Amino acid sequence: MPLAPEIAEKYKLAGRIAREARDYGVGLIKEGASMLEIVNTVEALIISKGARPAFPVNIAVNEVAAHFTPRHDEVELRFRKGDVVKLDVGVHVDGYIGDTARTVEIGSEQWADMRKASEEALQVAIGMVRPGTDLSLVGAAIETTIKARGFKPIENLTGHSLERFVLHAGISVPNVKEKGAGVIKEGDVLAIEPFATNGMGRVDGKKNSSIYRFVRRRFARTGDARALLKDVEANFSGLPFSERWCVRYLDDPKDALEVLARSGSISFYPTLREVDDGMVTQAEHTVIVGPSGAIVTT
C-alpha cells in the first residue's frame, strides 16, 4: 500500500536531514579528532534542523561493525591514521526515520576496495528494489557483489524495515542469499546496509555499547533510577538512546542505568565486532518502495 503523502514527506525530510548530518560528520573525521565531540556536534546539528536523532550517532572503528557511541566522559577517544570508520546516523521527524551510513578511511587508501565493495553492493541492492522482488534475491546480489571484490559480506547483520518510532520493524534485508526472506511491497520503508569484511563474515559481542532501549516499566530500587526510567519512557518512545543523553537528568547516570538494566526495564545493545577481527566497511541508505522502484531518502 502506498504511503500517505504527508507520511512520505516526513520520511523524506528525515532522510534529507540524515544525509546532511552524515556528510557533515564525515567531514569532521580526521586524525586526532575527538569521537565524543563529533557525535555531539552531529546530534546538535540534527536538533538544530528541527528533527531528533533516531538513535545515538554510531562510530564503529576497524573490526567493530556496529553499535558503539562514546560515553559522556570518554574524552580520550580520538581517531588515528589508518582507522576505518563507519559513521551511522539516524534522524526522525515525528517518529518517521532516515537511517544512513558511510565509511571513511583516515589518511590511507589501504581498504579502498573494501569500501567500494559495500558501496557497490548498496547500489546494486537499491536498483533491485520494486514491489514483488524477493528479498532473498537482493541478499544474493549483495553477496555476489562483495565477493567479486575478494571480500565477504557479514551474514548475521542485515538491513531492516522502518516504521513510526520503530527502527527494526520486522522485515530484514539480508546481505547474503537467504531463503524465505520475504517479498518487497509498495509502501515499505527499508534501510539497506551491506557490510564487507576480510574476516570470517560474522559478528558477535557482549560488551555494552553505551546504547540502550526502553523495554518495559519495572520497579527500580533507587529514586534516581525511577526518575530516569520515567524520562526515558516519555522522551525516547522505544528508540535507542545513549548514556550521554542521560546526563541531562543525572550528572553521572552509570549507577541508575545499571539498576534499570538489572531490573529488565532497559536493555543495552552489545558492541558488534567481526569474529575474526577482520576489517569492516559499511554503506547504508533508506528507501521508500514506490510503484516502480526505490525512492532514496538519504
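The values are calculated or read from the model by the stated rules, or taken from the named source; none is laboratory data. Please read all numbers here as calculations on a predicted model, not as lab measurements. Every residue, glycine as well, gets a Cβ built from its backbone with ideal geometry; the counts of neighbours run over all protein chains shown.
Rundown of residues vs (1) under 20 Å from ARG22 (Cα atoms); (2) assigned by TED's automatic domain parsing to the domain that holds PRO53; (3) at pLDDT below 95; (4) among the polar types (S, T, N, Q), yes/no style:
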residue	(1), (2), (3), (4)
ALA117	yes, yes, no, no
GLY139	no, yes, no, no
ALA148	no, yes, no, no
LEU162	yes, yes, no, no
VAL166	no, yes, no, no
GLY170	no, yes, yes, no
GLU178	no, yes, yes, no
LYS185	no, yes, no, no
Show the residue pairs meeting these rules: Cβ distance below 6 Å; 6+ apart or different chains; first residue within region 38-50 and farther than 20 Å from ALA60 by Cβ; second residue at pLDDT 95 or above and β-branched (Val, Ile, Thr). LYS49/ILE17
Take GLU155 and decide whether it is buried (at least 20 other Cβ atoms within 10 Å of the Cβ) and either in contact (Cβ under 8 Å) with a residue 24 or more places away in the chain or in a loop (DSSP other than H, G, I, E, B) (or both). no
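Looking at the structure I just gave you, is GLY27 on the phi > 0 side of the Ramachandran plot and surrounded by fewer than 20 Cβ atoms within 10 Å (Cβ to Cβ)? Before the answer, list the steps.
Values: on the phi > 0 side of the Ramachandran plot: no; surrounded by fewer than 20 Cβ atoms within 10 Å (Cβ to Cβ): yes.
When the stated conditions are applied, GLY27 does not pass them.
Can you confirm whether VAL61 is touching a strand residue (DSSP E or B) at 6+ places or on another chain (Cβ under 9 Å), of a type outside the set (D, E, K, R), at pLDDT 95 or above and closer than 27 Å to LYS152 by Cα? Spell out the reasoning first.
Details: touching a strand residue (DSSP E or B) at 6+ places or on another chain (Cβ under 9 Å): yes; of a type outside the set (D, E, K, R): yes; at pLDDT 95 or above: yes; closer than 27 Å to LYS152 by Cα: yes.
So VAL61 passes the test.
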Count - residues of region 165-176 that are closer than 10 Å to LEU239 by Cα and not aromatic (Phe, Trp, Tyr): 3
Based on this model, can you work out whether GLY27 counts as of a type outside the set (Asp, Glu), outside the structural domain of PHE241 (by TED's automatic domain parsing) and free of Cβ contacts under 8 Å to residues at least 12 places away in the same chain? yes
